[in-house]
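Worksheet: the structure to be examined is printed underneath.
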Amino acid sequence: MAHRGRLVAQGVAVGLVALLFLLLVWALVTDAGGDLAEAAARGERPEAPDFTLERLDREGELTLSSLRGKAVVLNVWASWCLPCKEEAPFLEQVWREERARGLVVVGLDAKDFRKDARRFARRFDLTFPLVFDGPGDVAADRYGVTGFPETFVVDREGMVLEVFVGGITAAEDRARLRAAVNRALAT
Amino acid sequence: MRALLVALVAFLVLAAGAQAAGPPNAADLEAELVCPVCETTLDQSDAPVAQRMKAFIRVRIAAGDNEQEIKDALVAEFGSGVLATPPKRGFGLLAWLLPLGALVAGVITVVLLVQRWSGRRGPPDPERPLDPDLERRLDEELARFEG
């Protein structure tokens, strides 16, 4: 009887260790953090992780996959981020110039107060869709964002073509973004 | 002596009640909330978002919010990760109960093990009869020794 009890205890212990191992594997497999930028830099086209987030510019929510068929510039920003202020007018300009061709710029505000984000949008006259990711879960866990801002250019098929880490403020970065947008629109 | 004890307990209860009813302390709140960018408590952080959160706390205190209302407002913006300690309700309660459960399980295990070990080393039961074969051999040995 004691032998059987010991066997059961050993079985439970082995089961627990196996469960923890599976959890670790699952976490590693599902963690996109940082991989998107690296994969895009290698010329691969990783799929843009989908999300549904509350909108800041109007009522309701926005789901990224609902924009399939359009090219998307996903800009991760926060109102307290200095480079975000520098690049915001440029992103608004790109949106206004390219929206007729099928481009959508989506501003993903993370780790921020909603009120501050809306004030930021008014200050820079942003008219593109804005979504709110207060805890930063989508930005950090799905897109691997570690600093602000970061920008992802997604083609019409929902694949990431290029990632910009840091503000798009230098002329060469702005030219690179426009080229990436053209590639995304061409898919 | 008894009256003194009752008076002391009453004083402590009243003092605790008076403290809870007062406005929350900004420094205490800053030690209980986490900056979502640098992930240290607000009192340890100078990140822009942490400064913004500190200003928010002061404004809410001035507006008359209590500690829980301020924490709830920040959780509504930044999620529950902004709390330095998990809430003592819902799923967060597990974080408080699990270590206690582990402690109790550990104590029970130690007690059981000690009982088992001391049982092994205990004196032999004097009432327990010897094996007849062994008893016979023992008698023979004794007889030979005495003879």
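If we scan region A:19-39, do we find a residue that is under 18 Å from residue A:132 (Cβ atoms), touching a residue at least 60 places away in the same chain (Cβ under 8 Å) and surrounded by 17 or more Cβ atoms within 10 Å (Cβ to Cβ)?
So the first thing to find is which residues in region A:19-39 are under 18 Å from residue A:132 (Cβ atoms), and the list is none.
There is no residue in region A:19-39 that is under 18 Å from residue A:132 (Cβ atoms), touching a residue at least 60 places away in the same chain (Cβ under 8 Å) and surrounded by 17 or more Cβ atoms within 10 Å (Cβ to Cβ).
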> Here are some conditions: (1) in contact (Cβ under 8 Å) with a residue 40 or more places away in the chain; (2) within 14 Å of chain B (Cβ to nearest Cβ); (3) not in a helix (DSSP H, G or I). Residue A:163 meets all but one. Which one does it not meet?
Replying inline: (2)
>> Contact list please: Cβ distance under 7 Å, first residue in region B:51-64 and touching a residue at least 24 places away in the same chain (Cβ under 8 Å) and more than 12 Å from chain A (Cβ to nearest Cβ), second residue not in a helix (DSSP H, G or I) and not basic (Lys, Arg), pairs at least six apart or on different chains.
In response: B:61/B:23; B:61/B:24
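Okay, residues lined up against (1) within 15 Å of the chain's Cα centre (by Cα); (2) exposed (fewer than 12 other Cβ atoms within 10 Å of the Cβ); (3) over 20 Å from residue A:181 (Cα atoms); (4) within 14 Å of chain B (Cβ to nearest Cβ):
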{"position": "A:46", "(1), (2), (3), (4)": "yes, no, no, no"}
{"position": "A:62", "(1), (2), (3), (4)": "yes, no, yes, no"}
{"position": "A:74", "(1), (2), (3), (4)": "yes, no, no, no"}
{"position": "A:83", "(1), (2), (3), (4)": "no, no, yes, yes"}
{"position": "A:95", "(1), (2), (3), (4)": "no, no, no, no"}
> Residues of region B:27-42 being touching a Leu at 6+ places or on another chain (Cβ under 9 Å) and either more than 12 Å from chain A (Cβ to nearest Cβ) or under 19 Å from residue A:117 (Cβ atoms) (or both), which ones?
Replying inline: B:29, B:30, B:31, B:32, B:33, B:35, B:41, B:42
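Tally the residues that are of a type outside the set (A, V, I, L, M, F, W, C) and within 14 Å of chain B (Cβ to nearest Cβ), restricting the search to region A:48-60. Before you say what the answer is, go through the steps one by one.
Start the filter on region A:48-60 by keeping residues that are of a type outside the set (A, V, I, L, M, F, W, C), which leaves A:49-50, A:52, A:54-55, A:57-60.
Going one step further and asking which of them are within 14 Å of chain B (Cβ to nearest Cβ), we end up with A:54.
Total meeting the criteria: 1.
Touching a residue at least 12 places away in the same chain (Cβ under 8 Å), among the acidic types (Asp, Glu) and under 30 Å from residue B:46 (Cα atoms): which single residue out of A:92, A:54 fits that description?
A:54
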> What single numbered condition from (1) surrounded by 19 or more Cβ atoms within 10 Å (Cβ to Cβ); (2) touching a Gly at 6+ places or on another chain (Cβ under 8 Å) fails to hold for residue A:138?
Replying inline: (2)
> Applying the selection to region B:65-103, what residues are more than 14 Å from every other protein chain (Cβ to nearest Cβ) and among the acidic types (Asp, Glu)?
Replying inline: B:65, B:67, B:69
> Of (1) surrounded by 23 or more Cβ atoms within 10 Å (Cβ to Cβ); (2) closer than 29 Å to residue B:38 by Cβ; (3) touching a helix residue (DSSP H, G or I) at 6+ places or on another chain (Cβ under 7 Å); (4) not basic (Lys, Arg), residue A:57 satisfies all except one. Which?
Replying inline: (1)
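Condition check ((1) at pLDDT 95 or above; (2) surrounded by 10 or more Cβ atoms within 10 Å (Cβ to Cβ); (3) in a loop (DSSP other than H, G, I, E, B)) across all residues:
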{"position": "B:5", "(1), (2), (3)": "no, no, no"}
{"position": "B:8", "(1), (2), (3)": "no, yes, no"}
{"position": "B:11", "(1), (2), (3)": "no, yes, no"}
{"position": "B:14", "(1), (2), (3)": "no, yes, no"}
{"position": "B:19", "(1), (2), (3)": "no, no, no"}
{"position": "B:24", "(1), (2), (3)": "no, yes, yes"}
{"position": "B:28", "(1), (2), (3)": "no, yes, no"}
{"position": "B:38", "(1), (2), (3)": "no, yes, yes"}
{"position": "B:46", "(1), (2), (3)": "no, yes, yes"}
> If you take the residues in region A:141-186 that are of a type in the set (Ser, Thr, Tyr) and surrounded by fewer than 16 Cβ atoms within 10 Å (Cβ to Cβ), which one is farthest from the chain's Cα centre (by Cα)?
Replying inline: A:169
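Is at least one residue of region A:124-137 in a helix (DSSP H, G or I) and more than 10 Å from every other protein chain (Cβ to nearest Cβ)?
Within region A:124-137, not a single residue is in a helix (DSSP H, G or I) and more than 10 Å from every other protein chain (Cβ to nearest Cβ).
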> Checking residue A:102 against (1) in contact (Cβ under 8 Å) with a residue 60 or more places away in the chain; (2) crowded, with 17+ Cβ neighbours inside 10 Å; (3) more than 14 Å from chain B (Cβ to nearest Cβ); (4) of a type in the set (Gly, Ala, Ser), which single condition isn't satisfied?
Replying inline: (2)
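May I ask you to say which residue of A:151, A:146, A:169 is of a type in the set (Ser, Thr, Tyr) and within 14 Å of chain B (Cβ to nearest Cβ)? I'd like the intermediate steps shown before the answer.
On the way: A:151 fails: within 14 Å of chain B (Cβ to nearest Cβ); A:169 fails: within 14 Å of chain B (Cβ to nearest Cβ).
Only one candidate passes the filter, namely A:146.
The values are calculated or read from the model by the stated rules, or taken from the named source; none is laboratory data. Please read these numbers as outputs of a predicted model, since none were measured by experiment. Cβ coordinates were reconstructed from backbone atoms using ideal geometry, including for glycine residues, and neighbour counts include every protein chain displayed.
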